[in-house]
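**Q** Here you go, one structure.
Each value in this text was obtained by applying a stated rule to the coordinates, not by laboratory testing. Note that the structure is a prediction, hence the values are computed from the model and not measured. Neighbour counts are summed over all protein chains in view; Cβ atoms, including those assigned to glycine, are modelled from backbone coordinates with ideal geometry.
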Amino acid sequence: MGENVLGVLVAVALLASAAVLVLTHRARRDVLAFVVGVSAGLFGVQVLQVHVFTIVVVVWAVLSRRDGKSLVAREAVVLVGAAALLASTALFGELVNNPPLGLQLLALAVSGAIIIVSASATDIRTMLYGLLTVTSFSALFGLLQVAGIIPSDVWHLSISALGRPTGIYPEPDWLGMYSGVGLVLAWRLDLRRWLRVVLIAVTFSGLVLAFARAGWVATAGSVALAAAVALVVRSRSARRGATPDAAPATRNRSGRIAGVVVTVVLGVIALNSIPALHDNLITRLSRTLTVASDDVSAQARVQQNDGLLYLADSAPWYGWGISSSGRVGVSGRLNFGASDNNVGSNWILSMWVDGAWLSLPLIAVLLFACAAAVRTIQGQLLVLVLLNSFFSNATYQPITWFLAALCLVSLRHRREATVDVTISSKEKRPRRPLSPVT
């Protein structure tokens, strides 16, 4: 009950702050775009079962709408249509546990569609700065929890001698994922040198101290993929005798090396000062890609996947209905009575359990969004979130739909730019002279 009250208070404070800024700031579109990014970094904060993210996106679209902006984009239609197919299973699924989850899914999809239709390149950048702000704040909040400056209960002292902080999120696993998001943003966005150094150190510390193995794997995987794509692009550019990305990379490199150095120094000091922390990290890292018999959380993940596979194998072609995957408990046992959980731990298995063939369009759209924007910041972040969602599922949280929308916005911008260039070239093409009339 207390968490719900706190969530409402945070939402009210966010909306009130946004209202004040909009009324007093001349660049209200930028302010609202920044708040959209902040709201995307919140977890489960709702007002009357509507995500604050959805409310803020609607306000942003209404108050900052530009004349002449099209109300329809094919990317938005595809995103909403794919989500609607899965959401429709709430009407006929035999194991539906929470029918309103279908409405929440539709609301998140519509929020993403609004961003796809309305966002400019400047809006995307501003929204990402908002997301960086909230994720960095959460990582800092977690560090203050570990230091005891902010009194709160830390988790799992048996895993970490300092305890696992939660930041502003309900569990350490979510702090790990969002700290990974913040770390990528701190590394790739254009920032002042000193600010980049601070944010790299803070977000990396939050990622490490959360002891969230899903966050570690997801962050490492997204970085590895981004590095591989960058190498392929540079190799192709070198063969063509061009280096289109050299200038932006040089401009954006300031502070990265210093950030790494500062983070390493702080890490060495912490590990030498707290020997137990060193042992905890080694143990946790060694068990990241293995499943030991005494590793309760890893065993639980395996049992959950077994339960999801059982439901998936027995599901009809339209699935058991949205929220059915939540019937798989922590130990993998199936709960066919009332359940507080509505989402399974593995996002692809969960969607298949819920919608079977009706879930494939949405899975395909999310994977396509990653592929289409793989070179962008938002593309790398969506990869990170979806990798994390194989262990801790965030596909029903605003962050997934926000990043998917930003990836599809990039696709829309490229498509519209191509159309503009084609039209312009046709307009400039000289007309063929008329043949003389005889």
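**Q** From Cα pairs below 8 angstrom and at least 6 apart in sequence, can you work out the relative contact order of region 35-126, rounded to a whole percent?
**A** Over region 35-126, the number comes to 35 percent.
**Q** Taking R0 as 25 Å, what FRET efficiency do you get between V47 and L144 from their Cβ-Cβ distance, rounded to the nearest 0.05?
**A** 0.35
**Q** So for region 140-231, averaging the separation of alpha carbon pairs under 8 Å that are six or more residues apart and normalising by length, what relative contact order in percent results?
**A** 29
**Q** Could you check the simple spin-label distance between R236 and V72, using points 7 Å along Cα→Cβ, in nm with one decimal?
**A** Placing both labels 7 Å beyond Cα along the Cβ direction yields 3.2 nm.
**Q** By how many nm would the segment from A338 to A121 lengthen if fully extended, with 0.36 nm per residue of separation less the alpha-carbon distance?
**A** 73.6 nm
**Q** Follow-up question, since we're still on this one. Name the chymotrypsin sites (Phe, Trp or Tyr not before Pro) in region 268-355 that are in a loop by DSSP and that have at most 14 other C-beta atoms within 10 Å, would you?
**A** Within region 268-355, the qualifying chymotrypsin sites (Phe, Trp or Tyr not before Pro) (loop, at most 14 other Cβ atoms within 10 Å) are W317, F336.
**Q** Please rank Y169, Y129, Y178, fewest neighbouring Cβ atoms within 10 Å first, as an exposure proxy.
**A** Least crowded to most crowded, the residues run Y129, Y169, Y178.
**Q** At most 14 other Cβ atoms within 10 Å and a DSSP loop assignment: could you name the chymotrypsin sites (Phe, Trp or Tyr not before Pro) in region 25-114 that fit?
**A** Qualifying residues, ordered by number: F92.
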